[in-house]
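Student: I'd like to ask you about the structure that follows.
Just so it is clear, none of the values below were taken in a lab; they were calculated from the coordinates. Note that the coordinates shown come from a computational prediction; the quantities given were computed from them, not determined experimentally. Glycine also receives a Cβ, built like all others from the backbone with ideal geometry; neighbour counts cover every protein chain displayed.
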Amino acid sequence: MKYFVIVIIMLGLGASWYWWRASTSAVGEEPIVNSAETVEAQATSTTEAGEKNIYRNEKWGIAFEYPVGWEVIVNEINSNSSLFNVVLQTNDVEVLPRPIYILFSTNEWGENLVQRYYNQESGSRQILGGIDAYTFPSSDMGILTKVHLLPISDTYWINIVGKTGYETELNQVLESLTVTPVEVEVKD
């Protein structure tokens, strides 16, 4: 009986580690969450009349509506490909965490993703936030996703990734998206 309890505890710890690792990964990198002061200085999320949540970030030139009852998590990823990230997720803990990612990546990374994953048979082009975007299916840790790559400038791209099952919420973000290209300094 003693060994059975030890095995159960080990399985629980392993499952907890896997869930934590899966919920904190974004493009294979470990997020470092900004302090509350930094997040407030960079962006605003507001609930407006009619129960609409609007996320605005002047520094990165982006704004979009997101579902009521969802939260915005702002991450700075310490990598050579990711510059800034926004994660949208429901407050319901029973639901898959982080179903929508909005990733700001280097120009090189965006071009690499298009070369590796975009093809005309399974992908398409569409205008999002005034930008001609590449759209294609993919998978994230075995979960089907829809990827939208927006080439913003010769410095950065915006990658919007939505997991299957959250198409309505993803469409809300995409349909309300406004993008104003900004000057971004990429650190080597």
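Student: So, in nm, how far is label SER122 from label SER139 when the simple model puts each one 7 Å beyond its Cα toward the Cβ?
Tutor: Simple spin-label model gives 0.9 nm for this pair.
Student: Among ARG56, ARG98, rank each residue by its count of other Cβ atoms within 10 Å, from fewest to most, as a rough exposure measure.
Tutor: ARG56, ARG98
Student: Now a separate question. Roughly speaking, what is the stretch gain from THR164 to ARG56, that is 0.36 nm per residue apart minus the C-alpha to C-alpha distance, in nm to one decimal?
Tutor: Full-extension gain reported as 36.4 nm.
Student: What list do you get for THR180, THR164, THR90 if you sort them by fewest beta carbons within 10 Å? The partial results should precede the final answer.
Tutor: On the way: THR180 12, THR164 15, THR90 18.
With the sparsest Cβ surroundings first, the list reads THR180, THR164, THR90.
Student: R0 = 22 Å: FRET efficiency of ASP154 with VAL114, Cβ-based, nearest 0.05?
Tutor: Calculated value: 0.95.
Student: Related question: For GLU121, GLU169, GLU71, which order do you get if you count the other beta carbons within 10 Å of each Cβ and list the fewest first?
Tutor: GLU121, GLU71, GLU169
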